[in-house]
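Report on the structure given below.
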Amino acid sequence: MPYGFIRYIENKGYSSETVRSYEKVVNQFFAYLGGIYKKHKEPFQISPSDIKNYLEEQKEKDKSISTINKELAILKTMFHYFWEIDKVPVDPAVKIKRLKVNEKPKVEVTIEQIKQILKKVLSNDAYSKLRKAIFLLATKGLKTSDFRFKKDDVVDFVEKDIVEIKLKNRSILLKDEEATYFLEYFYETVFNGSEYVFTTKPHGEEYGGPIQVMSILNHLRAISQDYLPAESQPLTLISIRRAIAYDLYLKKVPIQQIANDLGIKENSASNYLKHLTEGTLVQKDT
């Protein structure tokens, strides 16, 4: 992989710097697919959804829209090349549109709204245990990649009504009622054949692999329709993380702690808050 694409752009006369940037994005994209699917994916097996999920995850890494659009342009070039050499019958990237550029990031929902919605979600008998567990952890500031923890990463301290979830860059503690709601879902997954707690079952796969971003967004959109005003933007993991970061900033929490709570590096948290506070537009509570 990727079937002579790098040599192709070198022969086209691309500069060495441009070639390196293309190679970095291509390797990053296939590494992403390798983390999602147990089996190696050939180009013809890659769907538009795979590309869209990849782009969504880049947004969660706080990359600028312009950077993500550049990555999309690189992927479009690669898949057009695959189409030209008959590695794909249909170009999966051809209809994917560039993301719209927003001038400034903003806080689209407040932490108070999120807490109110969480209470309603957990008490909603019409919601699945999966939906409740996803939203519960979303309110702790998890990114999509954070949701891909395994069953072995969950520690149940039964006598203390505490659950610890060991993520890559931090640990999450759920206590009392929150622990109970999470465990109700968790123990349903014990014998489902997957090593992951949250899964998405790709077409043709017997067992679910680690959850993909669109699976999470679908649950957040359903919750948004039920509990946010019609004119509001649907909840996303990004908008929830922004609300958490801005709330901590207003409480004068040290930048080191904000970085720790979000599971990111300190310099990333500093830059994130700089852009966030410069463009903040907080909605009024409803």
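The values are calculated or read from the model by the stated rules, or taken from the named source; none is laboratory data. Since the structure is predicted, the reported quantities are computational estimates derived from the model, not experimental observations. Cβ placement follows ideal geometry from the backbone for every residue including glycine, while neighbour counts extend to all protein chains displayed.
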Which one of 188, 231 is loosely packed, with under 15 Cβ neighbours inside 10 Å, out of contact with any Asp or Glu (no Cβ under 7 Å at 6 or more places or on another chain) and in contact (Cβ under 8 Å) with a residue 40 or more places away in the chain? 188
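Any residue at all in segment 230-238 that's of a type outside the set (Phe, Trp, Tyr), touching a strand residue (DSSP E or B) at 6+ places or on another chain (Cβ under 8 Å) and at pLDDT below 95? Break it down into steps so the answer makes sense when it comes.
Restricting attention to segment 230-238, the residues satisfying the condition of being of a type outside the set (Phe, Trp, Tyr) are 230-238.
Those left that are additionally touching a strand residue (DSSP E or B) at 6+ places or on another chain (Cβ under 8 Å): none.
No, there is no match, as no residue in segment 230-238 is of a type outside the set (Phe, Trp, Tyr), touching a strand residue (DSSP E or B) at 6+ places or on another chain (Cβ under 8 Å) and at pLDDT below 95.
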Out of curiosity, is residue 136 outside the structural domain of residue 261 (by TED's automatic domain parsing), surrounded by 18 or more Cβ atoms within 10 Å (Cβ to Cβ) and modelled with pLDDT of 95 or more? no
Filtered residues of segment 43-74 (kept if more than 18 Å from residue 95 (Cβ to Cβ) and either under 14 Å from the mean Cα position of the chain (by Cα) or part of a loop (DSSP other than H, G, I, E, B) (or both)): 57, 58, 59, 60, 61, 62, 63, 64
Given (1) among the aliphatic types (A, V, I, L, M); (2) touching a residue at least 24 places away in the same chain (Cβ under 8 Å); (3) part of a loop (DSSP other than H, G, I, E, B); (4) over 18 Å from residue 171 (Cα atoms), where does residue 264 come up short, assuming only one miss? (4)
Confirm whether residue 198 is buried (at least 19 other Cβ atoms within 10 Å of the Cβ) and in contact with a Phe, Trp or Tyr (Cβ under 6 Å, 6 or more places away or on another chain). yes
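Give the residue, chosen from 104, 115, 166, that is at pLDDT below 95 and either under 23 Å from residue 260 (Cβ atoms) or not assigned by TED's automatic domain parsing to the domain that holds residue 225 (or both).
Exactly one residue qualifies, and that residue is 104.
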Residue 242 is checked against (1) touching a residue at least 60 places away in the same chain (Cβ under 8 Å); (2) farther than 15 Å from residue 270 by Cα and fails just one. What number does that condition carry? (2)
Within segment 1-36, can you find the residues that are under 23 Å from the mean Cα position of the chain (by Cα), surrounded by fewer than 17 Cβ atoms within 10 Å (Cβ to Cβ) and either touching a residue at least 60 places away in the same chain (Cβ under 8 Å) or in the same structural domain as residue 200 (by TED's automatic domain parsing) (or both)? 35
